[in-house]
């Protein structure tokens, strides 16, 4: 009989974000801006379905639909699991949001967001399998990995 071990310990109540694309876990944690809560992050964990994945467990926090949509920007196949008393009570994925505000910086150095106190605002587009962000102010379009988190 093959022995089964857990790579990451269970949480009693909170949220588990699973099937995060490998290399995106830390970015997702920064975007969620969770403050001082207990977070467990697993990076490059083995996955039978995708090879490698990241995993984030957040104790005592339940994500809003908006938070879950932000996750989709960086890992469209991620699943959000709501945990209560050590059991998954709800599991869901979210569609790509139409827009995102205040969590990313525009990469165009001449954009007004670098000179004025205005929250960033990007339209989210999907093109040929890539997630693109178009700044509302300067109208430049960037691949999601070309923009930085505001946190």
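The values are calculated or read from the model by the stated rules, or taken from the named source; none is laboratory data. This structure is a prediction, so every number in the text was calculated from the model and none was measured. Every residue, glycine among them, receives a Cβ derived from its backbone with ideal geometry; neighbour counts consider all protein chains shown.
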Quiz item: Which one is farthest from residue 13 (Cα to Cα) among residues in the range 46-66 that are at pLDDT 90 or above and not in a loop (DSSP other than H, G, I, E, B)?
Solution: 52
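When you check residue 115 against the structure, is it in contact with a strand residue (DSSP E or B) (Cβ under 6 Å, 6 or more places away or on another chain) and more than 23 Å from residue 15 (Cβ to Cβ), yes or no?
Numbers: in contact with a strand residue (DSSP E or B) (Cβ under 6 Å, 6 or more places away or on another chain): no; more than 23 Å from residue 15 (Cβ to Cβ): yes.
Taking the combined requirement at face value, the residue does not satisfy it.
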Quiz item: Does residue 34 count as within 16 Å of the chain's Cα centre (by Cα), touching a residue at least 12 places away in the same chain (Cβ under 8 Å) and part of a loop (DSSP other than H, G, I, E, B)?
Solution: yes
Practice problem: Hey, could you check the range 131-148 for residues that are touching a strand residue (DSSP E or B) at 6+ places or on another chain (Cβ under 6 Å) and modelled with pLDDT under 90 and say which is nearest to residue 75 (Cα to Cα)? | Solution: 144
Quiz item: With respect to residue 73, is the statement that it is surrounded by 20 or more Cβ atoms within 10 Å (Cβ to Cβ), under 28 Å from residue 121 (Cβ atoms), in contact (Cβ under 8 Å) with a residue 60 or more places away in the chain and not assigned by TED's automatic domain parsing to the domain that holds residue 143 true?
Solution: yes
Quiz prompt | Given (1) at pLDDT below 90; (2) surrounded by fewer than 19 Cβ atoms within 10 Å (Cβ to Cβ); (3) in the same structural domain as residue 140 (by TED's automatic domain parsing), number of the condition residue 103 does not satisfy | solution = (2)
Quiz item: Restricting the search to the range 73-86, which residues are more than 14 Å from residue 17 (Cα to Cα) and in a strand (DSSP E or B)?
Solution: 84
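Based on what the data block shows, is residue 43 assigned to a strand (DSSP E or B) and surrounded by fewer than 20 Cβ atoms within 10 Å (Cβ to Cβ)? It would help to see each step written out before you state the result.
Details: assigned to a strand (DSSP E or B): yes; surrounded by fewer than 20 Cβ atoms within 10 Å (Cβ to Cβ): yes.
So residue 43 fits the description; yes.
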